[in-house]
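Here's the structure we're looking at; comments come further down.
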Amino acid sequence: MDKHLPPPLVVVVKDMAYSRREFLAQFKLFAKQRQYHVHNNQLSLALKNFIVDAQGLENTSAQVVIKLNNAHNRNIGALSIPRLSVNFEFAHCSRVEQIAFIKQFDLSFRRGGG
């Protein structure tokens with residue numbers, strides 16, 4: 001295998017305190033004007049014009065598919081916190097592109113905690 005080629009598919013899993021509705025509303029803000037598609041519990045987003053590497057080049061084949069899976073709410077006393085298992089499937093992305101995307105995603109989805 002050529003060491004310069006990115007891995008064909010990398011999966012990152014996050015357990016998030018969001019309902020599906022909340023996640024989709026925040027994702028719309030995160031994606032801004034970029035094109036993405038939602039089909040059932042799956043979002044797909046081309047990373048073209050999203051991440052530019054250190055040399056200023058765009059990887060036009062890079063994409064991420066985000067799969068949403070409802071999990072049981074987390075209950076703490078009378079408080080019930082929604083949970084969503086979110087799988088990110090990166091295709092044709094370098095490690096740098098994956099890290100940059102997740103960093104931007106995490107910043108956008110961060111909630112204030114006091």
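The values are calculated or read from the model by the stated rules, or taken from the named source; none is laboratory data. Being a predicted model, the structure only gives us computed values, none of them experimental. Positions of Cβ are generated from backbone atoms using ideal geometry, with glycine treated the same way; all protein chains shown enter the neighbour counts.
Consider residue 107 carefully, then state whether it is at pLDDT 90 or above, part of a helix (DSSP H, G or I) and more than 16 Å from residue 36 (Cβ to Cβ). Don't jump to the end; show me each part of the working.
Details: at pLDDT 90 or above: yes; part of a helix (DSSP H, G or I): yes; more than 16 Å from residue 36 (Cβ to Cβ): yes.
Answer is yes for this residue.
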Inset, instruction - Could you please find all residues in the range 92-114 being farther than 21 Å from residue 25 by Cβ and in contact (Cβ under 8 Å) with a residue 24 or more places away in the chain? - result: 92, 93, 94, 95, 96, 97, 98, 100
Inset, instruction - Identify the residue in the range 13-42 that is among the polar types (S, T, N, Q), surrounded by fewer than 14 Cβ atoms within 10 Å (Cβ to Cβ) and over 16 Å from residue 67 (Cβ atoms) and, among all such residues, is modelled with the lowest pLDDT. - result: 33
Inset, instruction - Enumerate the pairs (first residue in the range 77-91 and without any contact (Cβ under 8 Å) to a residue 60 or more places away in the chain and surrounded by fewer than 18 Cβ atoms within 10 Å (Cβ to Cβ); second residue anywhere and of a type in the set (S, T, N, Q) and assigned to a strand (DSSP E or B)) with beta-carbon separation below 7 Å, excluding pairs fewer than 6 apart on the same chain, so at least 6 apart or on different chains. - result: 80/73
Inset, instruction - Output the number of residues of the range 48-98 satisfying the condition of being assigned to a strand (DSSP E or B), at pLDDT 80 or above and touching a strand residue (DSSP E or B) at 6+ places or on another chain (Cβ under 8 Å). - result: 25
